Amino acid sequence: MGNRRGSAFCPMQSGMESGSWETGMNILEVLQADYARFPQDQTYEIYAEDVYFKDPMTQFRGRDRYQAMIVFIQTWFLNCHMDVHNIQQNGNQIRSDWTLSWNTPLPWKPHIAIPGWSELTLNDEGLITSHVDYWHCSWLDVLKQHFSQGHR
């Protein structure tokens, strides 16, 4: 499941604004590595236990619920891939611009692509306390991709 609990990815109490990880990786490096292999082997320990998540389809609190959502994506979305176009940090705020794509498990396996961005907020320990995703399209546009000839 890619949980990594007990691994070396734990924030140290260093007061560094970008977080400091026992592996020597900062939060941006950990996020870039996670995005590159999304949704496999995500580093859930970079999220606070009560992290707030929101996207155009859902919102909730809790790292366990966030992990369950990623497992759902991993289980049901085919050929899931996240292309990161930009990632930057300004103080305790991180923004990443990306395109999430996959094939839906329907008989014709339509290719779906959602361009968007994430806004993350870090606490004083360098953990993500808020993860809000925005899309450059509507949920209706995403639904239409399932039936559009141009996205096969």
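Quick rundown of the values:
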{"read-out": "Filtered residue count, the stretch 110-130, keeping only those that are surrounded by 14 or more Cβ atoms within 10 Å (Cβ to Cβ) and not in a strand (DSSP E or B)", "value": "5"}
{"read-out": "Check on Trp102, crowded, with 17+ Cβ neighbours inside 10 Å, closer than 18 Å to Glu29 by Cα and aromatic (Phe, Trp, Tyr)", "value": "no"}
{"read-out": "Pairs, first of a type in the set (D, E, K, R) in the stretch 109-130, second buried (at least 20 other Cβ atoms within 10 Å of the Cβ) and outside any strand (DSSP E or B), C-beta under 8 Å, six or more apart", "value": "Glu125/Gly19"}
{"read-out": "Ser96 vs. criteria small (Gly, Ala, Ser), on the phi < 0 side of the Ramachandran plot and at pLDDT below 95", "value": "no"}
{"read-out": "Residue within the stretch 82-99 that is out of contact with any Phe, Trp or Tyr (no Cβ under 9 Å at 6 or more places or on another chain), without any contact (Cβ under 8 Å) to a residue 40 or more places away in the chain, over 22 Å from Glu45 (Cα atoms) and assigned to a strand (DSSP E or B) present", "value": "yes"}
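Conditions tested, residue by residue: (1) modelled with pLDDT under 95; (2) surrounded by fewer than 19 Cβ atoms within 10 Å (Cβ to Cβ); (3) among the β-branched types (Val, Ile, Thr).
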{"site": "Met25", "(1), (2), (3)": "yes, yes, no"}
{"site": "Gln42", "(1), (2), (3)": "no, no, no"}
{"site": "Phe53", "(1), (2), (3)": "no, no, no"}
{"site": "Gly62", "(1), (2), (3)": "no, yes, no"}
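The values are calculated or read from the model by the stated rules, or taken from the named source; none is laboratory data. Keep in mind the model is a prediction, meaning the values are calculated, not measured. Every residue, glycine as well, gets a Cβ built from its backbone with ideal geometry; the counts of neighbours run over all protein chains shown.
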